[in-house]
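Notes follow the structure.
The values are calculated or read from the model by the stated rules, or taken from the named source; none is laboratory data. Computed from a predicted model, the values in this text were never measured in an experiment. For neighbour counting, all protein chains shown are included, and Cβ atoms are generated from backbone atoms with ideal geometry for every residue, glycine included. These accessible areas exclude ligands, DNA and RNA; they are computed on the full protein's heavy atoms, side chains included. Shrake-Rupley method; radii C 1.70, N 1.55, O 1.52, S 1.80 Å.
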Amino acid sequence: MKYITSDRAFYRQLLTIAVPIGLTMLVSFGMSISDTVMLGSLSEVHLSAAALANQLGFIFMLFTFGVGGGSNVMIAQYWGKRDVDSIHRVMAIMYRALLIGGLIFTCVALLLSRQVMAVFTTDPRVIAEGARFLRIIAFSYFMMGISSTTLVMLRSVGAVRIALVVYISSLSMKIFLNWVLVFGNLGAPVLEIEGAAIATVAARLVELVIICVYMLKLEQKVRFKLKYLFLRKVGLMRDFAKNAGPVIINELVWGMGSATLAMIMGRISTEFVAANSILGAFSQLVTILNLGATNAAAAIIGNTIGAGEYAKARVYGTTFLCISLSLGVLSCVLMQLFKLPMLSLYNISDTALLYAGQIINVYSVLVIFQSATAMSLVGILRGGGDTRYALVLDVAFLWLVCIPLGFLTGLYLGWPVPLVFLVIRCDEFFKAIVAFFRIISGKWIHDVTRTGANS
C-alpha cells in the first residue's frame, strides 16, 4: 500500500485550508496571551483566578467543539456529495443543541460562581477574583458557541478566510478594551479582572455580529437562512445522534477530565496554576501549524470519503499523520528557542516562573506525541466518521491513567511539580501509539451520509 501521497492537488488543498486556519489560530493566540500577560502583570492571583474561572467556559467550549465537530463530520461528507439541503438540516440541529447547552452553562456561571471556583482551589483570594470574572464572562458563552461552530462548518465547505476577518476584529477589540479596562486607561475605572471579562464579552459580540452579517448576506456556498432553524428530518436526527453524539460526549468527558486535572493543580499551589496558564498560551502559539493541518485534514478527508474515494482517503490519512509528526518536532524546537522570551513577559513570583520553565521543558517532548494525537483523533478519525473509536481512545487513558495517578502523585505523595505534570499529561504518548495502528489498519473510514453505502 502507498502511505504518502504525491498528489499535488492534495498539497495545494492542504495549504489553501491550513494556512488561513493557522493565521486564525495565531490571532486567537493573541486573545489568550492578552489576558495572561495583562493579568499576569497584576499578580499570579489574578492570573490563576482567570485560568480557573475559565475552566467552566473551557468545558462549554469543548461542548461546542463536540457539537460543531460532530456536525462537521456530516457536513464535510455531504459537501463532498454537494447535498446542501442536508447541510441546512444538520446546521439547524447544531444550532438548537447550542441554544440548550449555552443556557445551561450560563445559568451555572451566574448562579454558582463561587461554588464553581471552590471546586478548583481553596485559596480565598483566587475564589473571590474568579467569581467576579465568571459572573461577567458567562454572557459570552452562547455567542462564542455560535461563532466557533459556524466557522467550523464553513471550513468543511472550504470557506476559511472569513474566520481570519472575524478573529482579527475581535482580537483588536479584546486587546484595546483589556488595556483600557484592566488598567484604567483613557479615564476608565481600574477594573482589573472584571475589565478582562468585559473585554472578552465585547470581543465575542463583535465575532457574532460579523458572522451573522456574513452568513445571512454574503455567504454563497451554503446560503443558510433563519427559517432553516425549524427544519426537521427524523432520519437525519438519528444520524446526528449516532455520529455527533460520540464527539459531544468525547469533548465533554475529556473537558471534565481536564478540569479535574486543573483542580489537582489548583490544590497543589496557585503557582502551579499560573505556570500551567502560561504553558497553555505558549503551546497554542507553537502548535498553530499543526492545528491548521488538523482542521484541514478533517475537511479534506470528509470531502474525499463523501465523494466515495475511500482508497485515496486512506492514503491521505497516513500522509497527514506523517505531516503531524514533522510539525510536532518543529513545535518542540520552537518551545525551547522561545521559552525564555515568553517567560520574561510575566510579573509573577520566582516559584511560579520556575514551575513554568520546568513544565515547558516536559511539554516540549510531549508535544511531538500531542501533535500526532490531535491529528489522529480530530483530523483523521473524526474526518473519517470513526467518532466512537476516537471517543474511547481520547478519554480512556485520561480517566484511567492520568487522573488517578495525578491524585496519587500530586495530592498524596507530594511529588515535585514537573513530575506531577508529566504524569497528568502522559496520555498523549499512549494515545498516539494506539491511534497509529488504527490509522494504518484503514478501519476508520466510514461514510456517514444518508446515501452512504459504507456507513
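Computed quantities for the displayed model
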| quantity | calculated |
| --- | --- |
| Pairs of alpha carbons in the chain whose separation is greater than 34 Å (percent) | 30 |
| Structure-based [θ]222 nm, the chain - -39500 (n - 2.57) summed over DSSP H runs of at least 4, per residue, nearest 500 | -26500 deg cm²/dmol |
| Relative compactness, region 202-292, computed as alpha-carbon Rg over 2.2 N^0.38 Å | 1.61 |
| Accessible area of region 10-61 belonging to carbon and sulfur atoms, whole % at 1.4 Å probe | 75 |
| Average projection area in nm² (convex hull over Cα atoms of region 365-442, one quarter of hull surface) | 5.0 |
| Cα-derived Rg to Rh of region 106-195, Kirkwood definition | 1.08 |
| Alpha-carbon Rg/Rh ratio, for region 4-77, with Rh computed the Kirkwood way | 1.16 |
| Computed log₁₀ I(q)/I(0) - Debye formula, equal Cα scatterers, no solvent, region 26-68, q 0.16 Å⁻¹ | -0.50 |
| Hz values of 3J(HN,Hα) by residue in region 268-276 - Karplus curve (6.51, -1.76, 1.60), Gly and Pro given as x | 7, 5, 5, 5, 5, 5, 4, 5, 5 |
| Packing-based ranking, highest mean first, of 328-334, 300-306, 100-106 given that Cβ atoms within 10 Å are counted | 300-306, 328-334, 100-106 |
| Per-residue SASA entry for Glu129, accessible area with 1.4 Å probe, Å² rounded to 10 | 30 |
| Region 247-355 shape via C-alpha gyration tensor axes, a/c threshold 1.5 | oblate |
| Debye equation applied to the C-alpha atoms of region 155-208, log10 I(q)/I(0) at 0.13, 0.16, 0.21 Å⁻¹ | -0.37, -0.50, -0.69 |
| Length-normalised contact order of region 239-377 in % [C-alpha pairs under 8 Å, at least 6 apart] | 34 |
| For region 70-139, average projected area of the Cα convex hull in nm² | 5.8 |
| Surface accessible to a 1.4 Å probe, per residue, for the residues of region 112-175, Å² | 36 |
